[in-house]
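The values are calculated or read from the model by the stated rules, or taken from the named source; none is laboratory data. Because the structure is predicted, anything quoted here is derived from the model rather than measured. Reconstructed Cβ throughout: ideal geometry from the backbone, glycine too, with neighbour counts over all protein chains shown.
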Amino acid sequence: MLRQYAILLRMGFAAARQYRADFLMTAFGALCYEAVSLAFVGVVIHAFGTIGGWGFREVAFVYGIRSMGHAIHGLGFGQLWDTDEVVRRGEFDRYLLRPIDPLLQLMTRRFQVTAVGDIVFASVLVTVTAIAAPISWTVARAAYLLAATIGSALVEAAVMLAISALSFRLLVTEPLMAVADNVYVTFGPYPLNILPRAVSYLLTFLLPLALAAYFPAAILLGRSGGLFVPIWFAGCSPVLGVVLFAAAIAFFHRQTRYYSSPGH
Amino acid sequence: MTAIRAVYSQVRIGWRTPWAYRGPTLLTMMILAAQIALYTVVWRAIYRGHSGTVHGTSVDVAVAYVILGLTVASVLDLWPRQSIASRVREGLIGVDLLRPIGLLTQTLATQVGNVAANIPQTVIGLGMGFALGGLVPAHGPGAAAAFVLSLVFAFAVSQLITLLMGLSSFWTLEVGGTTMLFGVVRTFLSGTVIPLWFMPGWLRTIADVLPFQAATFTPLSIYFGRPTGGLLAALGVQAGWVIVLFGLCSWVWSRAQRRVVIQGG
C-alpha cells in the first residue's frame with residue numbers, strides 16, 4: 001500500500017514538474033500566501049502586545065505547529081477539495097475499477113504543488129519559532145513536537161476526510177470544507193482558551209482544532225494552567241490525531257458504498 | 001446608441017453569470033457569513049484582557065469594522081480570473097476583440113454587472129453582523145454621507161485594480177498561484193480584516209502608498225470618523241487613484257495589444 005502510494009505520488013510529482021515555471025510560481029505563490037496570513041497574526045500581536053497572556057514568541061510557536069501540520073496535510077490530502085467533482089463527473093468509476101484503494105487514487109490524482117511552498121515555509125517557521133520559544137529543548141520534547149506536527153496534519157486530514165466522504169451522498173460538500181478550512185485558518189494560531197468556553201469546546205470535540213496546535217503548544221510551553229480540558233487529554237493530542245484519522249479513513253470507505261455513477 | 005446597447009449587453013452578461021453558476025455564488029455567501037462570525041468571535045476574544053481602546057480602537061469598532069470590511073470586499077473585490085485571464089487561457093479573447101466595443105470597456109461593463117449581482121451579499125453580511133450584535137452606526141450624518149461617496153470611489157478603484165490584474169495575464173497567461181497571491185495581498189493591504197490603524201509604521205507606509213487601501217479601508221475609516229489626513233484628503237487620494245489606475249490600464253492595454261496570443265487560434 002505504501003509502495004503504491006509512493007509510486008503514484010512520484011508519478012504525479014513528475015507530471016507536475018513538466019511545467020517548470022508553473023510549478024515554481026505556484027509553489028512560490030503558496031509560500032507568499034502563508035507569509036501574508038502570518039502577517040495578519042503579526043499585526044494583531046504588534047498592536048496588542050499579548051493575547052490571553054501569551055506573547056509574540058508563544059503565539060508564533062502555535063502558528064508554527066499549525067502551519068507545519070497544514071502543509072503536511074496539504075501534501076497528502078489536498079486533492080480532497082476535488083472530491084465533489086470526482087464524484088459528480090464519474091471519475092470515481094475509474095478508481096473502483098483499478099486494483100488499488102480508491103482513496104489512495106483520489107489522493108494522488110494530481111500532485112499538490114502548493115504544498116511544496118507550504119512545506120518550505122512551514123519548516124523554516126516551525127524551526128525558527130521553536131528555537132525562539134521559551135522552551136528548554138530536550139530530545140523528548142523535540143520528539144513530542146515532531147509528533148505534534150504530524151498529529152496536527154492527521155487531525156486536519158480527519159476533518160476533511162469526514163466532510164468529503166459525505167460527497168457520495170450529498171454531492172456538494174465544498175461549502176462545508178470551506179467553512180471548516182476558514183475555522184482552521186482564522187482560529188488556528190491563537191491560544192484557544194481566550195474564546196468563550198462553548199466555542200473552545202466546539203473546537204475541541206466537534207471540529208477538533210485545539211488538538212492540532214493549541215494543546216500540544218500549551219504542553220510544551222508549560223502553559224497547561226489555562227487549559228480547559230484535563231492535562232493528560234491535551235497531552236494525548238498526537239495520539240488522538242492518529243485515532244481520528246483512522247476513524248475518518250474507515251468512515252470514508254464506508255461512505256463510498258453510496259457512490260452512484262452519474263449517467264446510469 | 002448602438003454603443004450603449006452593446007455596453008449594456010455586457011453589463012447583463014456580468015449580472016447573469018453569478019446566477020447561472022449558483023453553486024459557487026452560494027459558496028461565497030456561506031464563506032462570508034462564516035468569516036464574519038469567526039472574526040467577530042476572534043476580535044472579542046483578543047480584546048478580552050485589554051480594557052478600553054487599543055490604538056484608538058474599541059472592541060465594538062473593531063468588530064463593526066471587520067463586518068463592514070468583509071461585506072464591502074465581498075461585493076467589490078472580484079477575482080480577476082473571472083475576466084480577462086480565463087478568456088486569454090481559453091483563446092476566447094479572440095472573440096472579445098471582434099466585438100464592436102473596446103476590450104477595456106467591455107471588461108469593465110461585465111465587472112459592473114458582476115458587482116451588481118453581488119449586492120445581495122450585503123444582506124448576508126449585514127444580517128450576520130446584526131445577528132451577532134456587531135453593527136455600530138456611522139460617526140455622524142456627515143460621515144455616513146461621505147461614506148457613501150467614498151464607496152463609489154472604492155468601487156471604481158477596486159474595478160480598475162481587478163482590470164489591471166486581468167490585463168497582466170497577456171504576459172503571464174495566468175501562471176501558477178499569482179491570482180491566489182494577489183487575492184490575499186489585496187485582502188491584507190486593503191485593510192479588509194485588520195484596520196490599517198493596527199499596523200506598525202513601516203507596514204502602514206507600504207499600505208498607504210499602494211492603491212488597495214483606497215478600495216476598502218478609506219470608506220470604512222470615513223464611516224468610523226477617522227479618515228487619514230482628513231475627509232477631503234482621503235477622498236482626494238481615492239480620486240487620484242481612479243485617474244492613475246485608469247491611465248495605467250489604458251497604457252498596459254496599448255502595450256498588450258501588440259502581443260495578444262490567441263490560444264488555439
Hey, does the stretch A:116-125 have a residue that's of a type in the set (D, E) and in contact with a Gly (Cβ under 6 Å, 6 or more places away or on another chain)? yes
Quick check: anything in the stretch A:143-151 assigned to a helix (DSSP H, G or I), buried (at least 23 other Cβ atoms within 10 Å of the Cβ) and of a type in the set (S, T, N, Q)? yes
Taking interchain pairs and intrachain pairs at least six residues apart, which have beta carbon atoms under 6 angstrom, with the first residue in the stretch A:64-81 and touching a residue at least 24 places away in the same chain (Cβ under 8 Å) and the second among the polar types (S, T, N, Q) and part of a helix (DSSP H, G or I)? A:G64/A:T129; A:I65/A:T149; A:I65/A:S152; A:M68/A:T149; A:G69/A:T149; A:G69/A:S152; A:L80/A:S164
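Please enumerate the residues belonging to the stretch A:168-202 that are closer than 18 Å to A:F92 by Cβ, touching a Ser or Thr at 6+ places or on another chain (Cβ under 9 Å), within 13 Å of chain B (Cβ to nearest Cβ) and in a helix (DSSP H, G or I). So that I can check it myself, show each step before the final result.
First, pick out the residues of the stretch A:168-202 that are closer than 18 Å to A:F92 by Cβ: A:168-174, A:177.
Among the residues that remain, those that are also touching a Ser or Thr at 6+ places or on another chain (Cβ under 9 Å) are: A:168, A:173-174, A:177.
With the extra rule that they be within 13 Å of chain B (Cβ to nearest Cβ), the set shrinks to A:173-174, A:177.
Of everything in the stretch A:168-202, those that are closer than 18 Å to A:F92 by Cβ, touching a Ser or Thr at 6+ places or on another chain (Cβ under 9 Å), within 13 Å of chain B (Cβ to nearest Cβ) and in a helix (DSSP H, G or I) turn out to be A:E174, A:M177.
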Residues of the stretch A:19-53 being under 23 Å from the mean Cα position of the chain (by Cα) and farther than 22 Å from B:R186 by Cβ, which ones? A:F23, A:L24
Give me the residue from the stretch B:227-263 that is in a loop (DSSP other than H, G, I, E, B) and touching a Leu at 6+ places or on another chain (Cβ under 9 Å) and, out of that set, surrounded by the most Cβ atoms within 10 Å (Cβ to Cβ). B:P227
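To keep it simple, each residue is scored yes or no on (1) among the hydrophobic types (A, V, I, L, M, F, W, C); (2) without any contact (Cβ under 8 Å) to a residue 12 or more places away in the chain; (3) crowded, with 17+ Cβ neighbours inside 10 Å.
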position: B:I124; (1), (2), (3): yes, no, yes
position: B:G127; (1), (2), (3): no, yes, no
position: B:F155; (1), (2), (3): yes, no, yes
position: B:Q159; (1), (2), (3): no, no, yes
position: B:L210; (1), (2), (3): yes, no, no
Criterion: in contact with a Lys or Arg (Cβ under 9 Å, 6 or more places away or on another chain) and either within 14 Å of chain A (Cβ to nearest Cβ) or at pLDDT 95 or above (or both) - qualifying residue of B:P195, B:P219, B:P200, B:P211: B:P195
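Would you check if there is a residue in the stretch B:75-89 being at pLDDT 90 or above and over 13 Å from B:G129 (Cα atoms)? Outline the logic, then answer.
Applying the first criterion (at pLDDT 90 or above) to the stretch B:75-89 yields B:75-76.
Now restrict to residues that are over 13 Å from B:G129 (Cα atoms): B:75-76.
So far as the stretch B:75-89 goes, yes, one or more of its residues are at pLDDT 90 or above and over 13 Å from B:G129 (Cα atoms).
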Can you find a residue in the stretch B:181-189 that is facing chain A (nearest Cβ under 10 Å) and either among the aromatic types (F, W, Y) or over 26 Å from A:F28 (Cβ atoms) (or both)? yes
Qualifying positions in the stretch A:203-226 - under 19 Å from the mean Cα position of the chain (by Cα) and either touching a residue at least 40 places away in the same chain (Cβ under 8 Å) or outside any helix (DSSP H, G or I) (or both): A:L207, A:P208, A:L209, A:L211, A:A212, A:A213, A:Y214, A:P216, A:A217
Is it true that some residue in the stretch B:240-260 is basic (K, R), more than 22 Å from B:F147 (Cα to Cα) and touching a residue at least 12 places away in the same chain (Cβ under 8 Å)? yes
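Check A:F92, A:F61 and return the single one that is more than 20 Å from the chain's Cα centre (by Cα) and surrounded by 19 or more Cβ atoms within 10 Å (Cβ to Cβ).
Numbers: A:F61 fails: more than 20 Å from the chain's Cα centre (by Cα).
Going through A:F92, A:F61 in turn, the sole match is A:F92.
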Somewhere in the stretch B:5-12, is a residue surrounded by 15 or more Cβ atoms within 10 Å (Cβ to Cβ) and within 30 Å of B:I194 (Cβ to Cβ)? no
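Do you know which of the residues in the stretch B:24-53 that are part of a loop (DSSP other than H, G, I, E, B) and either more than 7 Å from chain A (Cβ to nearest Cβ) or crowded, with 16+ Cβ neighbours inside 10 Å (or both) is modelled with the highest pLDDT?
B:T53
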